[in-house]
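What follows is a set of notes on a single structure, which appears directly below.
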Amino acid sequence: MKVSKLHYGLSLTVVLFMTIVFTSACATFKPSQDSQKITSFPNTSLSSVSFAREKMSREGINPLFISKIEKRYLKHYTNEERDRIIQLNVLGFLNPGDHSLHFSKRAVKNIKSFLKKYSNTLKNAESAYNVPKEIIASLLWVETRHGKAMGQFDLSSVFFALLQANHPEVARNTLDELNFRKPSSKSSAANYSYTELQNKVAQRLNSKSIWAMEQIKAMESLYIPTKDQNHFPDIISTRGSFAGAFGCSQFIPSSFKKYAVSSKSSKSPNLFDIKDCIFSVANFLRKSGWETQNPKACSDALFEYNRVRDYGEVIVKLAEAAKEHY
């Protein structure tokens, strides 16, 4: 049953190691779901910022690194902006984007120009990883318009905000937002009851918080506490997307560690260098199972890059159009 836009009366009770129970007078609830228990959140008396800081401390993150991230977050973000970041990451499944809109004559024209401009680097990457140059060029267009739209969110602050996602008071803000959101017909949640939808969001709040910690650990391993940042930008001050991805290829920190490679063996990879991104994308796809003669393997590799099927479909379509006219 689809969720209506009516405002639902919503109350939240947090008990240590127990569940959060939500009630509503809305008659559209499925009767069998009314008493379903919602995934629980940690019980804490800490503020949301202290809650996030304490999480990092328990995970053994260097105190100096914690302090730098926290100070940067407090400088750049308000609670309202924090909630916006969390809701962008957690509630996005309600209205999945349409990647087919990336296909246009302008896109094909720009991809063809990119193929010409970076022909040598693309050929070398294709030879090294057996991933077609047209696929690499098309993916980089979809991700950042070949480096022209890399995002303006403060990367470390995005992850610090997401660490707060399952703080009880912060979680309530996102759950309250469901009163004003309706899943689109394309959403996997289109036929969820309201309680099922709450449970899905509660689970995502917890999982995103865990994921954010993984990315902060990866960031810490990349951090260079010196003024010499020639081979990698200062990861703490790096900017990127609301989802924590950065550079021309939009890798998250853990993906950088696993897949980033340089176009030159003499230097470390830098994802703000388009040539390094060409090699890094090819390496990512190859290690994710890309096999040019196996359409399913190609589709699965692109799905690893972005877990939406039409993302891979539009990249293949762009690559075919660019190849045809190149």
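The numbers here are math on the coordinates, done by the rules we state, and not lab data. Note that the coordinates shown come from a computational prediction; the quantities given were computed from them, not determined experimentally. With ideal geometry, Cβ positions are generated from the backbone for all residues, glycine too; neighbour counts draw on all protein chains shown.
The table for this structure:
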{"quantity": "Residue identified as closer than 30 Å to Ile66 by Cβ and surrounded by fewer than 18 Cβ atoms within 10 Å (Cβ to Cβ) among Lys257, Lys296", "calculated": "Lys257"}
{"quantity": "Helices (runs of 4 or more DSSP H) within segment 48-114 that include 3 or more residues of a type in the set (S, T, N, Q) and closer than 22 Å to Ser209 by Cβ", "calculated": "48-58, 79-90"}
{"quantity": "Neighbours by Cβ (under 6 Å, 6+ apart or cross-chain): first from segment 82-108, closer than 28 Å to Leu318 by Cβ; second of a type in the set (Asp, Glu)", "calculated": "His99/Asp310; Ser100/Asp310"}
